[in-house]
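Participant: My structure is below; once you've seen it, I'll send some questions.
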Amino acid sequence: RLKAIESEGGRAMRLDFGHGPVDVSRDRVVLAVPQGAARSLLPMLDAPEGEDGILNAHFVLDEPPDAPMMTGLVGTLAQWVFVRGRVVSVTVSAANAHLSRPADELAPALWADVRRACPALPEAVPPHRIIKEHRA
């Protein structure tokens, strides 16, 4: 867990994970933490109030699909589709309204969205895992 960010001139220079600082002065840093954590790490940051959940689904195929590595979807429950090897991952941001839905309801809905973007994928919902993070 990220404990602190040391910065100079508005640029992250070192990250502290509790085991000594990690030099990131030559890198670019993307801060992907819940809003409350972002405000703790960077008090000057104008981070949104409240917490939004995120929903991820990971589907495992028999073989790597012929599909783009990253696809953004509009007008669907699924917002982002990522392909890495045989795994097709789906992300739904600001997913609070869907976190109480059971996984056996979410998986087919998300897979249908993926297939709209990549119709060559199998029709049957492949083995999957649904992950719900209430404070993302």
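Participant: Grab the other residues whose beta carbon is less than 13 angstrom from that of Val125, score K and R as +1, D and E as -1, and report the net.
Facilitator: It works out to a net charge of -2.
Participant: Name the most mobile residue of Arg101, Arg84, Arg26, meaning the one with the largest mean-square fluctuation, in a Gaussian network model of the chain with Cα contacts below 10 Å.
Facilitator: Arg26
Participant: Related question: Can you give me the Cα centroid spacing of the range 56-104 and the range 1-52 in angstrom?
Facilitator: 27 Å
Participant: For the range 1-95, state which GluC sites (Glu not before Pro) are in a DSSP loop and have at most 11 other beta carbons lying within 10 Å of their beta carbon.
Facilitator: The qualifying sites are Glu49.
Participant: Next up: So how far apart, in nm, are the two label points at Arg86 and Arg101 if each is 7 Å from Cα heading toward Cβ?
Facilitator: Label-label distance for Arg86 and Arg101, simple model: 2.7 nm.
Participant: Between Asp16 and Ala47, take the C-beta separation as r, use R0 = 22 Å, and let me know the FRET efficiency to the nearest 0.05.
Facilitator: 0.70
Participant: Around Gly20, with a cut-off of 15 angstrom between Cβ atoms, what is the net charge of the other residues, counting Lys and Arg +1 and Asp and Glu -1?
Facilitator: Value of the local net charge: 0.
Participant: Also, I was wondering about something else. In the range 58-113, what percent of the accessible surface is made up of carbon and sulfur (1.4 Å probe, ligands and nucleic acids excluded)?
Facilitator: After summing per-atom areas, the C and S share lands at 57 percent.
Participant: Net charge within 10 Å of Asn56 by Cβ-Cβ distance, Lys/Arg positive one each and Asp/Glu negative one each, not counting Asn56 itself?
Facilitator: Cβ neighbours under 10 Å give a net charge of +1.
The values are calculated or read from the model by the stated rules, or taken from the named source; none is laboratory data. A quick note: this is a predicted structure, and the numbers were derived from the prediction, not measured. Glycine gets a Cβ as well: all are built from the backbone with ideal geometry, and neighbour counts include every protein chain shown. Ligands, DNA and RNA are excluded from the accessible area calculation, which covers all protein heavy atoms including side chains. Shrake-Rupley method; radii C 1.70, N 1.55, O 1.52, S 1.80 Å.
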